[in-house]
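Working notes, beginning with the structure itself.
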Amino acid sequence: MTSNSSPKTFILDTNVIPLDSFARPCTPSTRRALRTRHAGQSTHMKSFLPDNSPLRAFVPFCLALLILATASPASQILRYREQTGDDSFTFSWRADWERDSVTVIQNQGDEIFSSVNTTEGTTLSWRFIKQPDTDVRTERKGDRIHFSGRFAGKTIDRTEAIDPRPWYQPLSFCLQRMVAREQSSADFWTIRPDTLEVLAMQAKNAGSAQIPSINGGAERTEKVVIQLDGLMSAIWQAEYWFRSSDNLFLQYRGTHGPPGTDETRIRLVTH
């Protein structure tokens, strides 16, 4: 959706994820140690092969592949379908886990959303690209969010004051982390992509619910309801569903417009 704890991983915003089966990536120090160790192993392995053995040439290559495999971040790519009325499209959602951060990328046709977040789901920076005239970069600095770049063909360079509440972008990832740590509610900031308005919002875990599975049958989920903060909370709300077994983001439902606007739904297609 446009906006809009040890890792488990996963990918959307429409924008959530962490699956316990994903291993943590190597740290820089671990990678250096692996390179040193593999270099020693390469020399040691070669010593057991005759000088004229053709296998000697493959030892460094095989070890290089091993190093690349151990150094790659844990990641997962999922596909979701968004539908509003008769209009629908499919988009990809990806989360790449590093030691201390998670980069979430949503590719939605001519729009690309990417954010860097802590492993707990707090956003540090966000970028929105829409060709040919939008490339917005945002970064949190204390209790301020700085905007720079171009938006709808106009240059922007401004700062919005916020408060210590966390910044969540995308909600599909950040709310998933909230569910994973069994947090019942959260107050947070988020940016509306189509206007760049900074909004104060709240999320509440509404408990367990059964929804249809993509493979037939039913899925047990945790339902999260989001609303605008304060007196505006009665005006609008949207709902997210996360699979109870692994916190995978499965479904979104909300209305993105005035009364009478068709409801928007986002559903997992493949994983």
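Can you give the percent of C-alpha pairs in region 155-271 whose distance is more than 20 Å?
Beyond 20 Å sits 45 percent of the P(r) for region 155-271.
Which value, in debye to the nearest 20, describes the size of the charge dipole of region 119-188 about its Cα centre when Lys and Arg Cβ atoms bear +1, Asp and Glu Cβ atoms bear -1, and nothing else is charged?
The dipole of region 119-188 has a size of about 220 debye.
Spelling out what I want: for every residue of region 221-226, take phi, set θ = phi - 60°, compute 6.51 cos²θ - 1.76 cosθ + 1.60 (Karplus), and round to whole Hz; glycine and proline get x.
Taking θ as phi minus 60°, the curve returns 10, 9, 9, 10, 9, 10 Hz for region 221-226.
Looking at region 150-245, which GluC sites (Glu not before Pro) are in a loop (DSSP not H, G, I, E or B) and have at most 10 other Cβ atoms within 10 Å?
Glu182
What order do you get for Phe128, Phe89, Phe151, Phe113 when you list them from fewest to most C-beta neighbours inside 10 Å?
With the sparsest Cβ surroundings first, the list reads Phe89, Phe151, Phe128, Phe113.
Compute the separation of the alpha-carbon centres of region 81-135 and region 146-205 and state it in Å as a whole number.
13 Å
Per residue of region 227-244, in order, report the coupling 6.51 cos²θ - 1.76 cosθ + 1.60 (Karplus, θ = phi - 60°) as ³J(HN,Hα) in whole Hz, putting x for Gly and Pro.
Working through the residues one at a time gives 9, 5, 7, x, 5, 7, 5, 7, 7, 8, 8, 9, 9, 10, 10, 10, 4, 5 Hz.
Near Asp262, within a Cβ-to-Cβ distance under 10 Å, what is the net charge of the other residues, with Lys and Arg +1 and Asp and Glu -1?
The answer is -2.
Using a cut-off of 10 Å between beta-carbons, work out the net charge of the residues near Gly207 (Lys and Arg +1, Asp and Glu -1, Gly207 not included).
Its environment carries a net charge of +1.
Relative to the Cα centre, what is the charge dipole magnitude of region 73-270, using +1 at the beta carbon of each Lys and Arg, -1 at the beta carbon of each Asp and Glu, and rounding to the nearest 20 debye?
260 debye
Tally Lys and Arg at +1 and Asp and Glu at -1 over the other residues with C-beta under 12 Å from the C-beta of Asp110: what net charge comes out?
Net local charge, Asp110 excluded: -1.
Within region 117-161, report the trypsin sites (Lys or Arg not before Pro) that DSSP leaves as loop and that have at most 12 other Cβ atoms within 10 Å.
Lys141
Can you check what the Kirkwood hydrodynamic radius comes to for region 73-270, Cα pairs only, in Å to one decimal?
Evaluated on region 73-270, it is 17.6 Å.
Just so you know, all these numbers are worked out from the coordinates, no wet-lab data involved. Values in this document were obtained by computation on a predicted structure and should not be read as measured data. Using ideal geometry, Cβ is built from the backbone for each residue, glycine included, and neighbour counts are taken over all protein chains shown.
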